[in-house]
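One structure is given below, encoded as structure tokens.
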Amino acid sequence: MKTVETYLNTQRRGLLVRGAGLTLSAAAVAMLAGCSQSRARAGTGDYSDGSRTQDLNILNTALRAEFEAVAAYQLGADSGLLSRAVLPVAVQFQGHHREHADLLSQTIRTLGGKPAEPQAQYRFPVDTLASEQDVLTFAAGLERGAVSAYAGAIPLFANSDLAGAAASILADEAMHWAVLRHSIGLDPVPGAFFS
């Protein structure tokens, strides 16, 4: 477990400092779920300076994180370690991340940017995943990182619609995290505040 925890801590630190000052984890992509369609379609917003580029960088970072989440859930699904009761939930969460990625890609294009592409391969701590508990703990760590990333991204968006969408996605990621924590025998909501 120590190796998984070390990997997750390293990933979370990296997620918060890469790219335009912020790299978002899987949850970041989800932020677009609540994006105002009319404003996104028009490609306009609160952009009077170079802030559109910053928003596009944040969105692409989130998109990359969503692709990583999709790949991580695929790893879990293919591992043969998930029970019949757990596998459908993992597949459902993977579907949420795919939806986030699709919407992020569409929003990036609408804002005049080029969406990031998924990596050909991700470096997950595969050798430490030997049981369903290990896989769920790994997934919970990724979801927690996503919640942190979205929380950090919200105040950085120039376009307030994107900030609202990030909050919507953050809520989805927090639900994933709570469900996964519960499934591994931890308190699903460990405190009144997230830290």
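The values are calculated or read from the model by the stated rules, or taken from the named source; none is laboratory data. Here the structure is a predicted model, which is why all the values come from computation and not from measurement. Here the Cβ is made from the backbone with ideal geometry for all residues, glycine too, and neighbour counts use every protein chain on show. Each accessible area value is taken on the protein alone, full model and side chains, heavy atoms only, with ligands, DNA and RNA left out. Shrake-Rupley method; radii C 1.70, N 1.55, O 1.52, S 1.80 Å.
Of the heavy-atom accessible surface of region 72-195 (probe 1.4 angstrom), what whole percent is carbon and sulfur? Can you show the working numbers first?
On the way: 3550 of 6230 Å².
It is 57 percent, rounded to a whole number.
Take the Cα of residue 121, step 7 Å toward its Cβ, do the same at residue 187, and the gap between the two points is 4.2 nm. Protection proxy ranking of 86-99, 114-127, 179-192, by the mean of other Cβ atoms within 10 Å over each peptide's residues and highest first, is 86-99, 179-192, 114-127. For region 119-195, the solvent-accessible area of protein heavy atoms averages 48 Å² per residue (probe radius 1.4 Å; ligands and nucleic acids excluded).
Dipole size of region 40-181 about its Cα centre, with +1 on Lys/Arg Cβ and -1 on Asp/Glu Cβ: approximately 120 debye, rounded to the nearest 20.
When only C-alpha pairs under 8 Å and at least 6 residues apart count, what is the relative contact order of region 36-195, in percent? Kindly include the intermediate steps, with their values, before the conclusion.
Values: 153 pairs, mean separation 42.8, N = 160.
Averaging sequence separation for qualifying contacts and normalising by length gives 27 percent for region 36-195.
Potential lengthening of the chain between residue 106 and residue 171 amounts to 21.3 nm, from the contour at 0.36 nm per residue minus the alpha-carbon distance.
Any chance you could run the full-extension gain for residue 91 through residue 49? It's 0.36 nm times the residue separation minus the Cα-Cα distance, nm to one decimal.
Values: separation 42, 0.36 × 42 = 15.12 nm, distance 4.09 nm.
Here the segment from residue 91 to residue 49 would lengthen by 11.0 nm.
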